[in-house]
Amino acid sequence: MSRFSEPQHPVFQQLNASIGFDWRLGPYDVDLSRAHAKMLAAQGIIGQDDRDALLRALDSVEQELQDGSFPFEPDDEDIHMAIERRITQLAGRVGGKLHTARSRNDQVATDMALFTRAHAQAAQEAIRGLMRALVATAERHLDWRMPGYTHLQRAQPVYLSHHLLAYVWMLARDLEKFAAVEQATARLPLGAGALAGVNFDTDRQLVARELGFAGVAENSIDAVSNRDFVLDYLAAAATCGTHLSRLGAEIVLWSSSEFAFAEVSDAWASGSSIMPQKKNPDAAELLRAKAPRIAGHFVALQGTMHALPLTYNKDMQEDKEHLFDAVDTLELCLAAAAGMIEGIAFDRERMAEAASDEFPAATDVADLLVRRGMPFRECHGVVAGLVKQAVDSGRTLTELTLTEIREQSELLDGEYYEVLRGERWLESKDSEGGTSLRRVREQLDRARALLG
Ligand code: ARG
């Protein structure tokens, strides 16, 4: 029997069904059902024979899902109903006992928590892979000079290793975020039933232990309404994607003939269909482009959840495609970034030449005046005057005469020419976290320690 007197409209079915994407929850749904069946038997809610029959059928379903032989049917609305239907086909009437003391509402929340936890862990693994690639590349280019930029204008020279390690520390923050996502999945929703709890003496702690949850969700209403952990994953992934997009964008710039600092290996580049000379850094371009897609998923799900009355609403079925696409996109981008970095080649001469531009040493001249007692703000003005004089007369700072520089400030003498010598600019930045080799080596040690 059914309370409905006409079949579902095919267009409604199409709108309503989630089987086209939530099949990915299959393995988690099987694990969940195993734990649930064991708990039902342990509490005497079903018999031991029932449990054994259910577990046998669940093993078969797991196998079928793995090898692709699971027989999906046109009427399967979602993975939960498909699996229950299949269990009943395999085990007979006892299959109908599996749904005792549970609802699809606590079931789907639990599957989603399991999926999110697994992929928060996978993200951390992939992030570590990229961090290792960056650390190894930094080690190989420890003392290679390059310009550091602000406003994409040459600002101050740095070591390439220092620049690459900047990404390592961004990714270290991403690791912390994904560890927090794992924490956000730590409380078991199952046992909340549809929303109010269930009419049986269940043991939620047992199910939590079986499924690796640290504890149970305290409130059944919150348990089935909660998708915070999905939003947390999407937020963490959006930030991580943003980091990858900045890395990608820099590699695109560095690969241009104008910069010519770097060249990605052939395995990470494409040619042009019409211009035989072209080698395009497509992987880097796509890293740049994928980030807003992940951020879009966060914004979209935030929009779905905001102002949504408690408890479960079908709106929440939308969590899946946003999460699944974000997971796929992020995991692909992290793997691609690591592979691309491992094979990248830098042009030592080009970078050193760009870093030898003298104007970036203007700060060093200002600091010389500071050491001679002038307040920094005034030094800034003096050096700006020197820069203007050099630029206006088409000369470098070193080409200004002693008389000219002393006209700007009496405090300047021959040491002015000393601080403008290229070698000093980087090694004098010896403050903690700075670009001097000693400080970069410290960073490398800490990064290696973090990666174990
Ligand atoms: N496919 C549904 C989802 O993903 C499962 C939960 C359905 N629950 C319900 N009360 N209709 O959200």
Hey, could you check the range 386-405 for residues that are surrounded by 12 or more Cβ atoms within 10 Å (Cβ to Cβ) and hydroxyl-bearing (Ser, Thr, Tyr) and say which is farthest from the chain's Cα centre (by Cα)? 398
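Among the candidates 175, 190, 211, 195, which residue alone is of a type in the set (A, V, I, L, M, F, W, C) and over 24 Å from residue 312 (Cα atoms)?
175
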Hey, any hits in the range 42-63 for a residue that's surrounded by 15 or more Cβ atoms within 10 Å (Cβ to Cβ), touching a residue at least 60 places away in the same chain (Cβ under 8 Å), within 16 Å of the ligand (Cβ to nearest atom) and in a helix (DSSP H, G or I)? no
Pairing a residue in the range 85-106 that is in a helix (DSSP H, G or I) with any residue that is of a type in the set (D, E, K, R) and more than 12 Å from the ligand (Cβ to nearest atom), where Cβ atoms lie under 6 Å and the two sit 6 or more apart in sequence or on different chains, gives 94/50; 97/50
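How about the range 352-431: which helices (runs of 4 or more DSSP H) wholly inside it have at least 1 residues that are within 30 Å of residue 259 (Cβ to Cβ)? Spell out the reasoning first.
Working: elements: 362-371, 376-392, 402-408, 415-419, 422-427.
Result: 362-371, 376-392, 415-419, 422-427.
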How many residues are loosely packed, with under 13 Cβ neighbours inside 10 Å and within 16 Å of the ligand (Cβ to nearest atom) if we restrict to the range 282-312? 2
Taking the residues in the range 114-168 that are acidic (Asp, Glu) and either assigned to a helix (DSSP H, G or I) or without any contact (Cβ under 8 Å) to a residue 24 or more places away in the chain (or both) as candidates, determine which candidate is nearest to residue 185 (Cα to Cα). 125
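Conditions (1) within 16 Å of the ligand (Cβ to nearest atom); (2) crowded, with 17+ Cβ neighbours inside 10 Å; (3) of a type in the set (S, T, N, Q), marked per residue:
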| residue | (1), (2), (3) |
| --- | --- |
| 67 | no, no, no |
| 92 | no, no, no |
| 100 | no, no, yes |
| 109 | yes, yes, no |
| 118 | no, no, no |
| 128 | no, yes, no |
| 143 | no, no, no |
| 154 | no, no, no |
Given 347, 319, 325, which one is within 30 Å of residue 131 (Cβ to Cβ), touching a residue at least 40 places away in the same chain (Cβ under 8 Å) and within 16 Å of the ligand (Cβ to nearest atom)? 319
Consider residue 6 carefully, then state whether it is assigned to a loop (DSSP other than H, G, I, E, B) and farther than 26 Å from residue 321 by Cβ. yes
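Values quoted throughout were computed directly from the atomic coordinates according to the rules given, and no laboratory measurement underlies them. Since the structure is predicted, the reported quantities are computational estimates derived from the model, not experimental observations. Don't worry about glycine lacking a Cβ; one is built from the backbone with ideal geometry, like all the others, and counts go over all protein chains shown.
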